[in-house]
Amino acid sequence: MATGIRSGQVTAPGRADVSAWRSVRRTLALIVFGWVAAAGNTLLAYVAFGMDWIPITVGVVLCFTFVMLLVFLHRAWWLGVLALVPSLFVLVGSVQYPPEGALDLRGVRESVIVVADSAAGTGGNNHQLTLKNAADGTELAEKYTYRGAVGAPRVGERLDIVRDPDGRVPMEEAGSVDASEELGNLVGGVATWSLMALLAGRRGHVRRRNGRELRDLPTF
């Protein structure tokens with residue numbers, strides 16, 4: 001009966017000699033990668049205000065990379081599939097939190113009236129709304145952009161908006177600005193990633209000891 005011997009320990013038949021410390025390092029590395037990826041994409045979204053496609057594209061790549069690393073660590077697909085849910089929260093939170101946070105931190109709240117709509121009479125879905133301050137009648141230099149076939153504010157309608165005095169972040173309706181919710185989604189998504197990484201590290205270590213190789217995927 002063949003047995004493996006390493007560092008004075010005897011490996012049971014049918015089990016591979018797998019370093020527990022190596023599994024711990026892999027698990028911690030994946031957790032760190034998840035937090036760094038989320039923080040990095042959030043910073044990118046802050047730097048790339050007005051170019052949402054950049055953090056969205058990078059975020060999709062980072063989330064996909066985390067999911068695949070989780071699969072390799074776990075030695076099975078099912079946890080990777082479940083990780084797609086918190087990945088969506090991480091992606092949306094990292095892209096939406098910077099502009100919402102900027103408006104929440106330094107935004108100016110104003111009551112305005114819609115005086116013109118660029119899509120009026122055209123049937124278009126891209127509405128560039130001209131606004132004036134409801135208090136003094138001053139027309140705002142910035143247009144309010146609304147994209148959608150229904151629900152667009154009508155000319156003469158009164159709105160409460162929050163705008164960035166620096167002009168870097170597009171204005172939004174006051175009721176839709178909720179930075180704390182986006183931050184909660186982001187942190188909650190990454191925290192769930194971390195818990196999944198711990199589970200994957202533990203179960204993956206056992207699977208490697210039992211000789212379960214990547215060629216066995218997909219398995220449950």
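The values are calculated or read from the model by the stated rules, or taken from the named source; none is laboratory data. All figures in this text were calculated on a predicted structure; none of them were measured in a lab. Virtual Cβ from ideal backbone geometry, glycine too; neighbours counted across all protein chains shown. The protein model used for the area step is the full one, side chains on, heavy atoms only, and it has no ligands, DNA or RNA in it. Shrake-Rupley method; radii C 1.70, N 1.55, O 1.52, S 1.80 Å.
What single numbered condition from (1) of a type outside the set (A, V, I, L, M, F, W, C); (2) more than 30 Å from Leu62 (Cβ to Cβ); (3) in contact (Cβ under 8 Å) with a residue 40 or more places away in the chain fails to hold for Thr138? Thr138 satisfies all of (1) of a type outside the set (A, V, I, L, M, F, W, C); (2) more than 30 Å from Leu62 (Cβ to Cβ); (3) in contact (Cβ under 8 Å) with a residue 40 or more places away in the chain except (3). Within segment 139-148, being under 27 Å from the mean Cα position of the chain (by Cα) and surrounded by 10 or more Cβ atoms within 10 Å (Cβ to Cβ) holds for Tyr144, Thr145, Tyr146, Arg147. Can you confirm whether Glu110 is assigned to a strand (DSSP E or B), open to solvent by less than 30 Å² (accessible area, probe 1.4 Å), out of contact with any Cys (no Cβ under 9 Å at 6 or more places or on another chain) and of a type outside the set (A, V, I, L, M, F, W, C)? So Glu110 fits the description; yes. From the list Ala45, Ala83, Ala76, Ala102, the one residue that fits, being within 30 Å of Ala135 (Cβ to Cβ) and open to solvent by less than 10 Å² (accessible area, probe 1.4 Å), is Ala102. On the stretch given as segment 164-189, residues that are surrounded by fewer than 21 Cβ atoms within 10 Å (Cβ to Cβ) and more than 14 Å from Tyr97 (Cα to Cα) total 8. What about Leu105, is it part of a helix (DSSP H, G or I), of a type in the set (A, V, I, L, M, F, W, C) and at pLDDT below 90? Yes, satisfied. When segment 57-73 is filtered for residues that are surrounded by 16 or more Cβ atoms within 10 Å (Cβ to Cβ) and at pLDDT 90 or above, the ones remaining, listed by number, are Val58, Gly59, Leu62, Cys63, Phe66, Val67, Leu69, Leu70.
Could you identify the single residue in Arg147, Arg75, Arg109 that is closer than 30 Å to Arg22 by Cβ and basic (Lys, Arg)? Exactly one residue qualifies, and that residue is Arg75.
Being open to solvent by 60 Å² or more (accessible area, probe 1.4 Å) and at pLDDT 70 or above is a description that applies to Val32. From the list Asp160, Asp136, the one residue that fits, being farther than 30 Å from Phe72 by Cα, out of contact with any Ser or Thr (no Cβ under 7 Å at 6 or more places or on another chain) and open to solvent by 50 Å² or more (accessible area, probe 1.4 Å), is Asp136.
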